[in-house]
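Comments concern the structure below.
The values are calculated or read from the model by the stated rules, or taken from the named source; none is laboratory data. Note that the coordinates shown come from a computational prediction; the quantities given were computed from them, not determined experimentally. Methodologically, a virtual Cβ is constructed for each residue, glycine included, from the backbone with ideal geometry; neighbour enumeration extends over all protein chains shown. When the accessible area is computed, the model is the full protein with side chains, heavy atoms only, and any ligands, DNA or RNA have been set aside. Shrake-Rupley method; radii C 1.70, N 1.55, O 1.52, S 1.80 Å.
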Number of protein chains: 2
Amino acid sequence: MHTWIKIDQNSDFSIYNLPFGIFSESDNVKRVGVAIGDTVLDVYAAYELGIFKDLKFDIRVLESDYLNDFIALGKSTTVKVRTYIQSELCNTNSVLKSHPSVFIKQNEVQMHLPVKVGDYTDFYSSIEHATNIGTMFRDPDNALLPNWKHLPVGYHGRASSIIVSGENVHRPKGQVVLGPNTEPIFQPSARVDFELEMGFIVGKSTKLGESVSTDAADNYIFGKVLFNDWSARDIQKWEYVPLGPFLAKSFASSMSPWVVTLEALEPFKIDGPQQEPAVLPYLDFKGPKNYDIHLEVAIQPKNCIETVVSQSNFKYMYWNMNQQLAHHTVNGCNLNVGDLMASGTISGKNPNSYGSMLELSWAGSKPVELNEGGARKFIQDNDTVIMRGHCQKGAIRVGFGTVKSTLLKAN
Amino acid sequence: MHTWIKIDQNSDFSIYNLPFGIFSESDNVKRVGVAIGDTVLDVYAAYELGIFKDLKFDIRVLESDYLNDFIALGKSTTVKVRTYIQSELCNTNSVLKSHPSVFIKQNEVQMHLPVKVGDYTDFYSSIEHATNIGTMFRDPDNALLPNWKHLPVGYHGRASSIIVSGENVHRPKGQVVLGPNTEPIFQPSARVDFELEMGFIVGKSTKLGESVSTDAADNYIFGKVLFNDWSARDIQKWEYVPLGPFLAKSFASSMSPWVVTLEALEPFKIDGPQQEPAVLPYLDFKGPKNYDIHLEVAIQPKNCIETVVSQSNFKYMYWNMNQQLAHHTVNGCNLNVGDLMASGTISGKNPNSYGSMLELSWAGSKPVELNEGGARKFIQDNDTVIMRGHCQKGAIRVGFGTVKSTLLKAN
């Protein structure tokens, strides 16, 4: 595929990608955009130029605060919108070529949260992460709880506090216990952490009582984002029994602005880890359902260069997205377009592939040296956490850009 | 206060109440209504008759699928809407009296889910309930976990599957473990339960990073509903470690259609239980913050009369709503109008005041005899679960109506 757009060969936003997002310019009007190279294609303006004319959808879904109404058109339309754009960008006679104003430099736009998240679910699907946590907090000989290999453990998260990359986060305050048999005190968390995750956006609603099979699940996944599930480990440790994490997570989670479609990720499908014991039939699946996505996390202290502290990969996931969706709906729980399902922390086997400071510093016992700015057990005030992700197969590169937030001091 | 409307003295919907809801007639247009006696006052029609004319809000918030836009006007408006209606209903020269068509019989309308719930949080704030559960599943000598008396334990629930009273629920399927050291199997839950809860509707949004004090919390609570947090105990037992209940709850939760305002509940404020040990300062509060609300649960098997199986009271709550809100936001988590915060199961001290079958039948060991239809350990297919709630002080009665759903067989 050859495009007439000039794109750096290391760009995440190649002609093979074309992710969707919500952007605005100085007029603050939010519109649907597609990232290509270092520009945003204004999809609303492209519609006005007639490139989608046989698709017959309402242009108003392209001038919207969120992608939800666009996504709700269904893959029968949205997949075509993407491939029509791809064709135009490869066609040297395209009407887009003679209308350069439909392309706006990415550094001149404001990106916004791409979707209005109805419900946000966080899974716990990396076996390396779950094993590390179980080893640290429970028992190295029985690190995984008995249910872990039988179902993709998950829980509901807070949707209201999901923010877009570039928005910053205040260190949360809460109850922590400083030592065994001591009373809780109230203070700013001293153990703020990132969690390297990816999330997928539900692209099709279901009715209460319906279930989605692992076979059908691809039709319900619009695309994927990078996701930093900020966590306050000291608050979490005290509060989480017996009903799970609550305030330790709900102060913020950061999402990348570009939603990479499942179609763009198709070339990067691979087999996942062998599942043993065998899963129950409703969780069984055919063919490769994991994705080879290189992930990395960097910490950048204020006025310092960054240090990459983790290099992981989405392919490590024990439970795949199809299984997560099948499990989530097997009880009849209904889905809405725009729901977010996150993977849980994505850790690999090697210590440099762990997806959280809790694991990288082994609960604070092994500080992580940075190139500049000292060492870190957890995240300090004014540190910026940057996550990146991309797929590469020969010359084909499809990337997610970044999700980036700075931890500010407690309010 | 004397109204010209004829109201049965046992009506939940006295002139002192005037709760808000969303109703429709045969034209399927959803509008804001206020319950009075056995009728619904069409608030949209009342607006057109000019009774709110100095309040200057947009009539379109009254013709809406949900109360959210109305609630978002703020208490400075919504409290007046209610008191203006109260005045009109007491004024024998009211324009409403000469327009009987603004009153529609409740049995001639369809009631809808009153709010679009953004995020739903479920607390665990009844000490009797938490003690019962801890006694049954962990250790009678240490029934409460160490954090329980220091903070209102809560977790995020699924918002999409909240349904209005009258909608029915299918028995969920899922993974259950039938005995110690046996593998999980997939089957319809054999332990479907109700949880007697009340929920409050957030009436005012906050920004990320803001906290709400216990003093200010009343301004953030629009009103209250009855809430049946359906639970599948066998699924819950297997899945809930370490991240909390998930599919055991997300198949459905039932909400009553009328939101009783905090102002209507003002006369029923009382002191709550003594909190010992003392709470941290951010959870401290002044004055009575509990509410004396009689609650009951009945089971009605198909073609049988109902049996009241539990009589409880909202006053038993160890943690009050102001504390729940202060805790929820102390880490900076933001609130949106329409968020739902539920109490957790409301159990009293006596076995007949327990708020779930799990407690009433003591994990199935003591079947509950019904007047008709046999005995129950848990809920059977085609049983209808009915919850009611009301406050009474002398002749003043303010009630919640009912929340009622039938459990249908598994899909």
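The set of residues in the stretch B:96-123 that are open to solvent by 40 Å² or more (accessible area, probe 1.4 Å) and assigned to a helix (DSSP H, G or I) comprises B:Pro100, B:Ser101, B:Gln106, B:Asn107, B:Glu108.
Only one of the listed residues (B:Leu151, B:Leu144) is buried (at least 18 other Cβ atoms within 10 Å of the Cβ), assigned to a loop (DSSP other than H, G, I, E, B) and modelled with pLDDT of 95 or more. That residue is B:Leu151. B:Thr92 meets the conditions (1) in a loop (DSSP other than H, G, I, E, B); (2) within 27 Å of the chain's Cα centre (by Cα) in every case but one. The failed one is (2). When we screen B:Val192, B:Val177 for residues that are under 23 Å from B:Trp362 (Cβ atoms), open to solvent by less than 60 Å² (accessible area, probe 1.4 Å) and at the interface with chain A (Cβ under 10 Å from one of its Cβ atoms), the only hit is B:Val177. Kindly evaluate A:Phe57 against the criterion of being modelled with pLDDT of 95 or more, outside any helix (DSSP H, G or I) and open to solvent by less than 20 Å² (accessible area, probe 1.4 Å). Judged against the criteria, A:Phe57 is a match. Pairing each residue of the stretch A:249-269 that is away from chain B (no Cβ under 14 Å) with any residue that is open to solvent by less than 10 Å² (accessible area, probe 1.4 Å) and of a type in the set (D, E, K, R), provided the two are 6+ apart or on different chains, yields C-beta distances under 6 Å for A:Val260/A:Lys224. Within the stretch A:154-166, the set of residues being more than 8 Å from chain B (Cβ to nearest Cβ) and of a type outside the set (Gly, Ala, Ser) comprises A:Ile162, A:Val164.
Residues of the stretch A:217-247 that are part of a loop (DSSP other than H, G, I, E, B) and open to solvent by less than 30 Å² (accessible area, probe 1.4 Å): A:Asp229, A:Trp230, A:Pro242, A:Leu243, A:Gly244, A:Pro245, A:Phe246, A:Leu247.
The single condition among (1) more than 11 Å from chain A (Cβ to nearest Cβ); (2) surrounded by fewer than 22 Cβ atoms within 10 Å (Cβ to Cβ); (3) in a loop (DSSP other than H, G, I, E, B) that B:Met136 does not satisfy is (3). The criterion of being assigned by TED's automatic domain parsing to the domain that holds A:Gln300 and either in a loop (DSSP other than H, G, I, E, B) or closer than 27 Å to A:Arg388 by Cα (or both) does not hold for A:Gly174. It is to be established whether one or more residues within the stretch B:88-95 are within 14 Å of another protein chain (Cβ to nearest Cβ), in contact with a helix residue (DSSP H, G or I) (Cβ under 7 Å, 6 or more places away or on another chain) and either crowded, with 18+ Cβ neighbours inside 10 Å or modelled with pLDDT of 95 or more (or both). No - not one qualifying residue is present in the stretch B:88-95.
Determine whether the stretch B:189-197 contains at least one residue that is over 26 Å from B:His129 (Cα atoms) and not β-branched (Val, Ile, Thr). No - not one qualifying residue is present in the stretch B:189-197.
State whether the residues of the stretch B:274-287 include one that is in a loop (DSSP other than H, G, I, E, B), open to solvent by less than 10 Å² (accessible area, probe 1.4 Å) and either within 14 Å of chain A (Cβ to nearest Cβ) or within 30 Å of A:Tyr155 (Cβ to Cβ) (or both). Within the stretch B:274-287 (the criterion being in a loop (DSSP other than H, G, I, E, B), open to solvent by less than 10 Å² (accessible area, probe 1.4 Å) and either within 14 Å of chain A (Cβ to nearest Cβ) or within 30 Å of A:Tyr155 (Cβ to Cβ) (or both)), the answer is no, since none of the residues qualifies.
Taking residues in the stretch B:387-411 that are assigned by TED's automatic domain parsing to the domain that holds B:Glu195, and partners anywhere that are outside any loop (DSSP other than H, G, I, E, B) and among the acidic types (Asp, Glu), the pairs with Cβ atoms closer than 6 Å and at least 6 places apart or on different chains are B:Arg388/B:Glu296. Within the stretch B:375-411, being aliphatic (A, V, I, L, M), over 13 Å from B:Ile299 (Cβ atoms) and either more than 14 Å from chain A (Cβ to nearest Cβ) or in a strand (DSSP E or B) (or both) holds for B:Ala395, B:Ile396, B:Val398, B:Val403, B:Leu408.
When each of B:Thr345, B:Thr384, B:Thr402 is tested for being within 20 Å of the chain's Cα centre (by Cα), open to solvent by 10 Å² or more (accessible area, probe 1.4 Å) and within 29 Å of B:Lys269 (Cβ to Cβ), the lone residue that passes is B:Thr402. For the criterion of being modelled with pLDDT of 95 or more and more than 30 Å from B:Asp42 (Cα to Cα), B:Gly179 fails.
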